[in-house]
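Worksheet: the structure to be examined is printed underneath.
The values are calculated or read from the model by the stated rules, or taken from the named source; none is laboratory data. Everything numeric in this text was worked out from a predicted model, so none of it was measured. Here the Cβ positions follow ideal geometry from the backbone for every residue, glycine too, while neighbour counts run over all protein chains shown.
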Amino acid sequence: MDTHSILSELRAERDRLDQAITALEGGNGRRRGRKPGPVPGNGRRGRRGRRRLSAAAKKRISDMMKLRWAERKKAAKK
């Protein structure tokens with residue numbers, strides 16, 4: 001048995017164990033204390049890049065939140 005097939009079987013066993021642990025913890029799909037899973041395609045673990053908002057998007061979100069909170073404050077006074 002070559003190293004590649006042994007690693008493949010160990011990874012499959014790890015996945016089965018992770019599913020069993022998740023089911024026993026309540027099945028909410030969250031993994032505590034673990035890094036993001038493997039990146040599809042290359043078989044190695046990887047990090048997802050952080051998404052950046054443009055200045056225009058930040059301003060639009062800020063303006064919408066200011067309106068939302070103003071409406072809530074106005075509704076609370078009634």
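Things to note:
- Residues in segment 16-27 that are at pLDDT 85 or above and under 17 Å from the mean Cα position of the chain (by Cα): ASP18, GLN19, THR22.
- Tally, over segment 18-27, of residues that are surrounded by 10 or more Cβ atoms within 10 Å (Cβ to Cβ) and not hydroxyl-bearing (Ser, Thr, Tyr): 5
- Residue satisfying all of: in segment 28-63; surrounded by 10 or more Cβ atoms within 10 Å (Cβ to Cβ), hydrophobic (A, V, I, L, M, F, W, C) and more than 16 Å from the chain's Cα centre (by Cα); modelled with the lowest pLDDT among these: LEU53
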